[in-house]
């Protein structure tokens, strides 16, 4: 028989004998009866008092904090928008005879932008004036005859109606002539000039588009949750993607929400006398809100109760655990701001997931030393380390 077979048989017999012995050695320790008899686990625990073991309070790490002033800000994405934008349209048909401005020009209210040819409108005015003069003569003559009893009152009234009609015709002719000159309705800048000299403009055709850029508006949509925090007249700043930062005041808050987004439009009016700001630029609006009292700590301290509400576990008088629901106000630099806690409170920072409300614990402050039992009498005078 080969030597390898002999070695295989011997090794197999050795392993079988070891398994049959029932002895297991792990890290130099065996589980034989001799080892088990001398191990600490074999010590008789029948003399231990179960009540003593169960009454040992669970240790939790705590910190006592106090509310501080929070200067909250509401930040919203928006864009710039001209306060006024109007298409200057023709009110009477005619050929464009003159364009007095160019794109980008600043205009004041009343400045001429486009002018249509007068055509026969001046002749219509002369005809209307002649008709008015004749109507005045007829009316005066009939009035005198009526005073002497030589003309019926109906003829006088008919002459008066003709006189009024002549006056209206003259006014209409003069108005039609005046409409051939298209003027800027407000101070602004010429944005587009679709009309050209010689173009026939019908009623409603656009001669020019004028944009009023002072003040410039920065508009945004605010959620239902935040709109109640805003009031017209509040100051704010807007930072544009161009790098400009401007200040203004809230001039408008929409009274009703957008039906699709359920958000409310707001407008921040910003001075723009130098026309530095342009329409349609993306911006971020920052509006300082009222200062409130709040607590600030790590979001890891927050817990959920059985109903899914967010809160923190605190230690009250007698080292008893309680659960307080909180309202999250915002996040900042890795910490969370919450409302809904007492002015001064001792919160559990480590171990909050292993205790329940009403349970007695052994609080340990974050330095590692046991905290004294909390009394009702001195709980308000506790030290207040804050973040």
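The values are calculated or read from the model by the stated rules, or taken from the named source; none is laboratory data. Quick caveat: nothing in here was measured; it's all calculated off a predicted structure. Using ideal geometry, Cβ is built from the backbone for each residue, glycine included, and neighbour counts are taken over all protein chains shown.
The table below lists the values:
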item	result
Selected residue (only one of 23, 84 is in contact with a strand residue (DSSP E or B) (Cβ under 9 Å, 6 or more places away or on another chain), modelled with pLDDT under 90, surrounded by 12 or more Cβ atoms within 10 Å (Cβ to Cβ) and not in a loop (DSSP other than H, G, I, E, B))	84
Residue match in region 229-248 (condition: in contact (Cβ under 8 Å) with a residue 60 or more places away in the chain, within 12 Å of the chain's Cα centre (by Cα) and not in a strand (DSSP E or B))	yes
Every residue from region 258-287 that is part of a strand (DSSP E or B) and buried (at least 20 other Cβ atoms within 10 Å of the Cβ)	264, 266, 267, 268, 270, 283, 285, 287
Qualifying strands (runs of 3 or more DSSP E) (wholly inside region 312-360; at least 1 residues being within 24 Å of the chain's Cα centre (by Cα))	327-332, 335-339
Condition met for residue 155 (touching a helix residue (DSSP H, G or I) at 6+ places or on another chain (Cβ under 9 Å) and touching a residue at least 12 places away in the same chain (Cβ under 8 Å))	yes
Residue within region 151-167 that is within 60 Å of the chain's Cα centre (by Cα) and under 29 Å from residue 88 (Cβ atoms) present	no
Residue, nearest to residue 347 (Cα to Cα), within region 288-301, restricted to residues that are assigned to a loop (DSSP other than H, G, I, E, B) and touching a strand residue (DSSP E or B) at 6+ places or on another chain (Cβ under 7 Å)	298
Region 55-70, residues that are farther than 15 Å from residue 361 by Cα and exposed (fewer than 13 other Cβ atoms within 10 Å of the Cβ)	69
Residues of region 232-244 classified as touching a strand residue (DSSP E or B) at 6+ places or on another chain (Cβ under 7 Å) and surrounded by fewer than 17 Cβ atoms within 10 Å (Cβ to Cβ), total	5
